[in-house]
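Notes to accompany the following structure.
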Amino acid sequence: GETNRRVKSICDDIRSYTDIPHMVTTAPRASLEGVVDGWCPLWNKIDEETVRKHQSAGDTVWWYGCVTPKNPYPTYHLDDRLMSSRLVHWMQKDYNVTGNLYWATTVFQKYNGVEYVDRDVWTDPDSYPGAPGDGYLLYPGTENDGYVNRNMPIPTIRLESIRDGSEDYEYLVILENKITELLD
């Protein structure tokens, strides 16, 4: 439909100026095969077979989580277990997805359905309705805020768990390479 035509037009424009690869944040679609260089669907909108198919065609496959998916699927949301944010990266390795997109790390306002409005990030976890913690992995420490009282970014425990999951991914790659070495 119209969206596919717009994506194709934008991809053609990009290719007319540069050979830098580009991707779209959607699950792979047959109507866009050969048009985009890479796919970046939501974690719950891709499977291993589809990843491998597109990689064998030369496409890059990343993924992301945002407002969706929701628990019980792994998420980075505040109302989910910390283990969940690590599982995302284990699944990433299992599926052979090569990148993980996180759309924003400092959304300190709240989307009210129409626009972003001010909120107190220390007492209101929702930057987006129904997705507590979405879009921010840091808190803004500021002078006289009554919490930190210093001008500095404050990392969340979720950010540390995501870091741990990324490290787990790297360890899984190292382990896989060691096993391959031993078997060769």
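List of remarks:
- Test: residue in the range 47-63 that is aliphatic (A, V, I, L, M), over 16 Å from the mean Cα position of the chain (by Cα), modelled with pLDDT of 90 or more and farther than 13 Å from Val97 by Cβ: yes
- Among the residues of the range 56-82, those identified as farther than 20 Å from Tyr128 by Cα and surrounded by fewer than 17 Cβ atoms within 10 Å (Cβ to Cβ) are Ser56, Ala57, Gly58.
- Positions within the range 42-51 being surrounded by fewer than 20 Cβ atoms within 10 Å (Cβ to Cβ) and not in a helix (DSSP H, G or I), in sequence order: Leu42, Asp47
- Count of the range 88-102 residues, restricted to those that are outside any loop (DSSP other than H, G, I, E, B) and open to solvent by less than 60 Å² (accessible area, probe 1.4 Å), is 9.
- Of all residues in the range 8-41, exactly one satisfies the criterion of being in a helix (DSSP H, G or I), under 24 Å from Thr68 (Cα atoms) and open to solvent by less than 30 Å² (accessible area, probe 1.4 Å), namely Leu32.
- For the range 135-154, the condition holds for no residue, the condition being that it is under 30 Å from Ala27 (Cβ atoms), touching a helix residue (DSSP H, G or I) at 6+ places or on another chain (Cβ under 6 Å) and small (Gly, Ala, Ser).
- Beta carbons closer than 6 Å, at least 6 apart along the sequence or on distinct chains, pair a first residue in the range 45-58 that is of a type in the set (Val, Ile, Thr) with a second that is open to solvent by 40 Å² or more (accessible area, probe 1.4 Å) for Val51/Tyr95; Val51/Asn96.
- Listed by first and then second residue, the pairs with beta-carbon distance under 8 Å, at least 6 apart or on different chains, first residue in the range 157-181 and closer than 12 Å to Val88 by Cα, second open to solvent by less than 80 Å² (accessible area, probe 1.4 Å) and outside any helix (DSSP H, G or I), are Ile162/Tyr76; Ile162/Tyr102; Ile162/Leu137; Ser166/Asn100.
The values are calculated or read from the model by the stated rules, or taken from the named source; none is laboratory data. For clarity, every value in this text was computed on a predicted model and none was experimentally measured. Note that each Cβ is placed from the backbone with ideal geometry, even for glycine, and that neighbours are counted across all protein chains shown. Ligands, DNA and RNA are stripped out before the accessible areas are found, and what is left, the full protein with its side chains, is counted by its heavy atoms. Shrake-Rupley method; radii C 1.70, N 1.55, O 1.52, S 1.80 Å.
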